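**Q** So that we are looking at the same thing, I have put the structure below in structure tokens.
The values are calculated or read from the model by the stated rules, or taken from the named source; none is laboratory data. This structure is a prediction, so every number in the text was calculated from the model and none was measured. Cβ placement follows ideal geometry from the backbone for every residue including glycine, while neighbour counts extend to all protein chains displayed.
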Amino acid sequence: MNGTESRIGTHVRGLDERIGGGIPAGFTVLICGPSGSLKSSLAFNILYHSTKDQGLRSLYLSVEQSKESLLGQASSLGLSVEDTDTLNVVDLAKLRRETEKPEEVNWIATLQDLLVKYNEEFDPQLLAIDSLDALYALSSLKNPRNEIFTFFESLRDLNLTAFLVSEMPREGGFFGKHGVEEFLSDGIIHLRLKEVEVGRTTSVRRFIGIAKMRGTKHELDYYPLLVDKSGFEVLVE
């Protein structure tokens with residue numbers, strides 16, 4: 001799966017052909033954007049269709065949102081886990097609730113240990129962590145740069161393709177909270193919200209762009225993103 005020609009589709013119609021057929025297998029990719037830009041939905045969409053259409057094994061790890069809420073949100077977009085038996089959803093929030101004195105737990109280190117366990121148990125080819133910011137909020141980072149570097153390296157040691165959801169302010173800024181995530185990642189999928197005047201009203205539109213993808217020739221344009229039960233699609237002139 002990690003050959004030089006292997007690609008993981010974003011399953012966004014009109015986007016994959018603009019990044020050489022998809023994301024190189026084995027990459028660690030940030031999915032960034034402000035609240036409401038459908039970062040989690042995009043990450044789930046990638047894993048869902050890669051699992052359902054290509055038979056890949058996937059693990060979606062929710063740090064904060066409950067499994068029930070996540071699956072309900074996915075179902076509203078026509079993405080039902082009942083359609084596949086190789087997409088596993090793990091609710092870290094449930095583990096936190098069941099842990100004595102969770103405030104004393106180093107959750108980044110705990111997650112690294114859990115991922116080794118899940119890697120042995122599920123043998124996933126794709127992983128999504130939703131989100132980095134929720135994970136940071138649970139952790140006391142004494143040396144963020146070193147600890148985040150170690151975390152990224154631990155993901156690469158798992159020999160899979162990882163998608164990390166990262167919150168950004170609406171007005172832009174760093175692609176990750178500590179400003180190092182964008183350098184450590186192999187790719188960045190950036191979701192934006194833009195206000196558009198439509199007659200007497202103001203409408204908020206979603207846009208998507210590839211800010212970074214190592215080893216891949218790609219455009220830097222941002223395209224309008226449409227999302228409904230038929231899937232994700234970019235509008236290209």
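**Q** Can you tell which of 174, 183, 163 is at pLDDT 95 or above, aromatic (Phe, Trp, Tyr), surrounded by fewer than 15 Cβ atoms within 10 Å (Cβ to Cβ) and under 24 Å from residue 222 (Cβ atoms)?
**A** Going through 174, 183, 163 in turn, the sole match is 183.
**Q** Can you work out which of the residues in region 210-229 that are part of a strand (DSSP E or B) and among the β-branched types (Val, Ile, Thr) is surrounded by the most Cβ atoms within 10 Å (Cβ to Cβ)?
**A** Restricting to residues being part of a strand (DSSP E or B) and among the β-branched types (Val, Ile, Thr), the top hit is 210.
**Q** Across region 186-201, which residue is farthest from residue 218 (Cα to Cα) among those that are loosely packed, with under 10 Cβ neighbours inside 10 Å and among the β-branched types (Val, Ile, Thr)?
**A** Among them, the one singled out is 201.
**Q** Let me ask something else. Tell me which helices (runs of 4 or more DSSP H) are completely within region 132-209 and hold 1 or more residues being among the β-branched types (Val, Ile, Thr) and over 16 Å from the mean Cα position of the chain (by Cα), or say none if there are none.
**A** 144-157
**Q** Residue 57 - would you say it is over 21 Å from residue 226 (Cα atoms) and either touching a residue at least 12 places away in the same chain (Cβ under 8 Å) or crowded, with 17+ Cβ neighbours inside 10 Å (or both)?
**A** Considered against the rule, which asks whether it is over 21 Å from residue 226 (Cα atoms) and either touching a residue at least 12 places away in the same chain (Cβ under 8 Å) or crowded, with 17+ Cβ neighbours inside 10 Å (or both), residue 57 comes out as yes.
**Q** Determine whether residue 141 is more than 23 Å from residue 10 (Cβ to Cβ), in contact with an Asp or Glu (Cβ under 6 Å, 6 or more places away or on another chain) and surrounded by fewer than 19 Cβ atoms within 10 Å (Cβ to Cβ).
**A** yes
**Q** Filter region 81-108 for residues that are modelled with pLDDT under 90 and within 18 Å of the chain's Cα centre (by Cα); which is surrounded by the fewest Cβ atoms within 10 Å (Cβ to Cβ)?
**A** Ranking the candidates gives 93 first.
**Q** Cβ-Cβ below 6 Å, separation at least six or inter-chain, first residue in region 100-112 and on the phi < 0 side of the Ramachandran plot, second part of a loop (DSSP other than H, G, I, E, B): which pairs?
**A** These pairs meet every condition: 107/139; 108/139.
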